[in-house]
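Step one of this worksheet: look at the structure below.
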Amino acid sequence: MLQPLWRSIKYLLQLHVLALGMMTLCRLVLLWTNMPSDGIEYGLLWRSLLIGIKFDNLIVCYIQALPVITLTAITLCTLQRENSGRIINYCKRAIASMEGILYGLVIFVEVANARYFHFFDNHLNYGVTEWFGFASDTAGLVIQDSGNLLFALIAFAMTGCFEWVLVLITRHSIAVPDSCDANAVPSLKDYLLGGATCILLYGLVFIGMRGSLQRYPLKVSFAYFCDNAYYNKLGVNPVFNIIKTAESGKNEIPDFLSTVDIGEAEEYVRSALSVEQDSCIRLEGRPNVVLVLMESMTSANLERQYNGQYLTPYLRSLRDSSIYCCNAFSAGIHTNNGIVASQFGYIPNFARAMMDVNANHYTGMPYYLQEAGYHNLAFVTGNPQYDNMNSFWRENHIPVIYSLYDYEQSAVVNNYGVPDGYLFHWGIDRLNKEQEPFFATFLTVSNHPPYVVPESFRSRGKDNEERIIAYADDAIRQFMQAAQQTQWGRNTLFILTGDHGAPLESPYEMNLPLNQIPIYFAGCGVTPQRVTHPVSQIDIPATVLGLLGIDYENPTTGIDILRGKRQYAYFVSNEHLGVSDGKWFWCYGVNSRQEHLYLIGSAEDVKDRYPERAEEMRQYGNNMQRVNLERMRQ
């Protein structure tokens, strides 16, 4: 009498195994496309894959929960009906349709995650949903990057295979008649056995949804089992990571910082950032200010060579004629982070966008320059609506934005708009018409995939990634040299920095090159010097206003680097808080709840060998970020 129930459970188990198998293949795609440069350590790999099954199983159990309850309950309740087979088959078809859609979405997320991991050295998180507000631009960027096409084909192929097997399993299951003998009547024993089996099955699904038999449900930190950051991350399911980052993103102050007393943190910050000396460097008059945010310009690019020639000869030479910060760090790893940090002095709240529609209003450098009589304007290569730049800047004291709407359409090379060379050439022509003084921001983008490399740079690197760096450097050179030929250019303070770094190979839990950037202060009246102490992108506003001699109130945790020194720089990625002085590097995973301490240049986690150093850097990062987030809300 219970044969229909056993067949329904068998069908559900087959779907469960199919889903786990497909997710394991997705994890292998991640492994294949992000292979460790030093080879595979198979012992760590197998353990990571086994841990990955636990995370995948949690997602599968969530998806399977409703089908398990529905199909088993319907099967058990229709045992005495003549048309029970038809009802059960309808239910199986409905389950197959639902799971075909849901698992199709899961496959696309996991394959996209493999590509995302290549750029950010971590899994997809809830912050990527911010891109959905710019669907057409985002879609264009994805399509124009030829590297994404391979991943799209892999996703379509895997989804097609999954759907095909799903249909086969379902057809085979419904081909077996599930109707019971009309003359047979299920006994009480049958119902008790069937009910107990269903309850056991529901319990197993619940345990799978919880992910653990331990006191606490499954967390990202459960994937961490060794000192190798790559294998620790490999086991995490990206869908799970998105869900967990969405949960933590609801809090204005992350949980790990909520225990930091704000009064004590404020006192700590005041003491740590106290400035006792007055700067001896002041620029005469009211020079113009030009800020250039160079796309993905990590400090490591200054050391990269091709055929014995440096890729960035101009930026290397500029170090000798400017105030050059050789130990500098970006606030975050996204362009919106770089804009807010370099203009207003704030570190981002991890994966949260800083320029959303309801973004805060700040003072910062644009406000005080405007108050001092400067005309503020900005130049971007593409759509000014992307990242809400247009509305954010206009509400924060930069009323004029030149963009794709102003340039010749023939100059547009991809969805990001015009190349850096055109942007700078057009910008110089426009600045020639400006009344001084002005504050102009240039946002470059050529060094962001999809790369469009001019023909004259085809021999400047081994691949387009290197060639475009050489092109970006040369575009900066031409801009600076052309500006120096103008009257306004000879009376301008230039600040050149990366909006963030680039995801180069890194042995650390947090990809450090994504936050390592050069910072230059160049132009009129600047006495060249090399700043070796730690500098943060958020120090730019205070330093510029100090150079100009403009009085200002500083609500941020940024400092004037020519008047004081910070012990460490602190910074974030989507899911990590980092602290470094250029020698030591401490980082903490917001979701993994794991902390690490490194001597830069070594992959060994030495927090247990140097607990005092780890505590000092932890205290610095936690207090600074706690105060930063509190002040950013005010």
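The values are calculated or read from the model by the stated rules, or taken from the named source; none is laboratory data. Not measured: the values here are computed from a predicted model. No Cβ is skipped: glycine too gets one built from the backbone with ideal geometry, and neighbour counts run over all protein chains shown. The accessibility values were calculated without ligands, DNA or RNA, using every heavy atom of the protein model including side chains. Shrake-Rupley method; radii C 1.70, N 1.55, O 1.52, S 1.80 Å.
Apply the a/c threshold of 1.5 to the C-alpha gyration tensor of the stretch 442-551 and tell me whether it is rounded, prolate or oblate. Walk me through the numbers before you get to the answer.
Details: a/c = 2.62, a/b = 1.26, b/c = 2.08.
Oblate shape, in that a/c is at least 1.5 and b/c is the bigger or equal ratio.
In debye, nearest 20, what is the charge dipole magnitude of the stretch 322-417 about its Cα centre with +1 on Lys and Arg Cβ and -1 on Asp and Glu Cβ, if you could check? Don't skip to the end; give the middle numbers.
Values: 2 positive and 6 negative charges, 40 e Å.
The dipole of the stretch 322-417 has a size of about 180 debye.
At 0.36 nm per residue, minus the direct Cα-Cα distance, what do Glu41 and Leu204 gain on full extension? Give it in nm, one decimal, please. Present the calculation step by step, with values, prior to reporting the outcome.
Working: separation 163, 0.36 × 163 = 58.68 nm, distance 3.29 nm.
Length gained, Glu41 through Leu204: 55.4 nm.
With a 1.4 Å probe and every protein chain left in place, work out the accessible area per residue of the stretch 431-539 in Å², rounded to a whole number. List each step's numbers first, then the result.
Values: 3830 Å² over 109 residues.
Result: 35 Å² of accessible area for each residue.
Can you list the aspartates and glutamates whose alpha carbon sits under 20 Å from that of Lys565, skipping same-chain ones fewer than 8 residues off?
Qualifying aspartates and glutamates at Cα under 20 Å: Glu266, Glu267, Glu276, Asp278, Asp539, Asp551, Glu553, Asp581, Glu616.
Please report the carbon-and-sulfur percent of the accessible area for the chain; probe 1.4 Å, protein heavy atoms only, DNA, RNA and ligands left out.
On the way: 14730 of 26680 Å².
Whole-percent figure for carbon plus sulfur exposure: 55.
Would you please give the residues with an amide H less than 5 Å from that of Thr441, counting only those at least 5 places away or on a separate chain, with H modeled from the backbone geometry?
Residues meeting the amide H criterion: Leu291, Leu377, Ala378, Phe379.
Which cross-chain or sequence-distant (5 or more) residues have an amide H under 5 Å from the amide H of Gln529, H modelled 1.01 Å from N in plane?
Ser322, Ile323, Tyr324
Can you give me the accessible area per residue for the stretch 251-380, using a 1.4 Å probe, in Å²? Could the numbers behind the result be given before it?
Details: 5070 Å² over 130 residues.
Solvent-accessible surface per residue comes out at 39 Å².
For Lys244, which lysines qualify as cross-link partners when the Cα separation must be under 25 Å and same-chain residues fewer than eight apart are set aside?
Leaving aside lysines fewer than 8 places away in the same chain, those within reach of Lys244 are Lys54, Lys219, Lys233.
So how do Trp46, Trp584 rank on accessible area, 1.4 Å probe, biggest first, that is with the largest at the start? Intermediate values should be presented prior to the final figure.
Values: Trp46 150, Trp584 20 Å².
Descending accessible area places them as Trp46, Trp584.
Which residue, Ile468, Gly345, Leu291, has the largest displacement toward the positive end of the dipole of the chain when charges sit on each Cβ (Lys, Arg +1; Asp, Glu -1)?
Ile468
Work out the charge dipole of the chain with +1 on the Cβ of Lys and Arg and -1 on the Cβ of Asp and Glu about the Cα centre, then indicate which of Asn390, Leu49, Tyr116 is farthest towards its positive end.
Leu49
Could you pull out the trypsin sites (Lys or Arg not before Pro) across the stretch 350-457 that fall in loop regions by DSSP (anything but H, G, I, E, B) with no more than 11 other Cβ atoms inside 10 Å?
Answer by residue number: Lys433.
Take each of the peptides 200-206, 475-481, 535-541, 99-105, average the number of other beta-carbon atoms within 10 Å over its residues, and list them starting from the highest. The partial results should precede the final answer.
Working: 200-206: 13.6, 475-481: 19.6, 535-541: 28.9, 99-105: 16.7.
In decreasing order of mean packing, 200-206, 475-481, 535-541, 99-105 become 535-541, 475-481, 99-105, 200-206.
Tell me the net charge near Pro541. Cut-off is 14 Å between Cβ atoms, Pro541 excluded, with +1 for each Lys or Arg and -1 for each Asp or Glu.
The answer is -3.
List the residues, sorted by chain then number, that are 5 or more residues from Tyr346 or on another chain and whose placed amide H is less than 5 Å from its amide H.
Long-range HN contacts for Tyr346: Ala341.
Place a +1 charge on the Cβ of each Lys and Arg in the stretch 443-565 and a -1 charge on the Cβ of each Asp and Glu, then give the dipole magnitude about the Cα centre in debye, rounded to the nearest 20.
440
Among the aspartates and glutamates, which have Cα under 19 Å from the Cα of Lys462 when same-chain residues fewer than 8 positions away are ignored?
Within reach: Asp145, Glu303, Asp473, Asp474, Glu505.
Relative to the present Cα-Cα distance, how much length would full extension add between Gln309 and Thr33 at 0.36 nm per residue of separation? Let's see the in-between values first.
Values: separation 276, 0.36 × 276 = 99.36 nm, distance 2.94 nm.
The span from Gln309 to Thr33 would gain 96.4 nm if fully extended.
If packing is taken as the average number of other Cβ atoms within 10 Å across a peptide's residues, how do 154-165, 417-428 rank, most packed first? Intermediate results must be reported in sequence, preceding the final value.
Numbers: 154-165: 16.2, 417-428: 21.5.
Taking the mean over residues of other Cβ atoms within 10 Å, the ranking is 417-428, 154-165.
Kindly identify the stretch 262-394 as rounded, prolate or oblate by the Cα gyration tensor criterion: order the square roots of the eigenvalues as a ≥ b ≥ c, call it rounded if a/c is under 1.5, otherwise compare a/b with b/c, prolate if a/b is larger, else oblate. The partial results should precede the final answer.
On the way: a/c = 1.37, a/b = 1.18, b/c = 1.16.
It comes out rounded by the Cα gyration axes.
Please report the spacing between the Cα centers of the stretch 393-453 and the stretch 204-241 in Å, no decimals.
Between the Cα centres of the stretch 393-453 and the stretch 204-241 lies a distance of 45 Å.
With unit charges on the beta carbons (Lys and Arg positive, Asp and Glu negative) and the dipole taken about the Cα centre of the chain, which residue among Val167, Ala300, Ile401 sits farthest to the positive side?
So the residue furthest toward the plus end is Val167.
Quick check: from the Cα gyration tensor, does the stretch 208-315 come out rounded (a/c under 1.5), prolate or oblate? Mind dumping the intermediate values first?
Numbers: a/c = 2.87, a/b = 1.44, b/c = 1.99.
Oblate is the answer for the stretch 208-315, as a/c is 1.5 or above yet b/c matches or exceeds a/b.
Around Tyr306, with a cut-off of 9 angstrom between Cβ atoms, what is the net charge of the other residues, counting Lys and Arg +1 and Asp and Glu -1?
+3
Each residue of the stretch 208-222 in order: what ³J(HN,Hα) in whole Hz does its phi give by Karplus 6.51 cos²θ - 1.76 cosθ + 1.60, θ = phi - 60°, with x for Gly and Pro?
x, 5, 6, x, 6, 8, 6, 4, 9, x, 4, 10, 4, 4, 5
If the only charges are +1 at each Lys and Arg Cβ and -1 at each Asp and Glu Cβ, what is the size of the charge dipole of the chain around the Cα centre, to the nearest 20 debye?
1500
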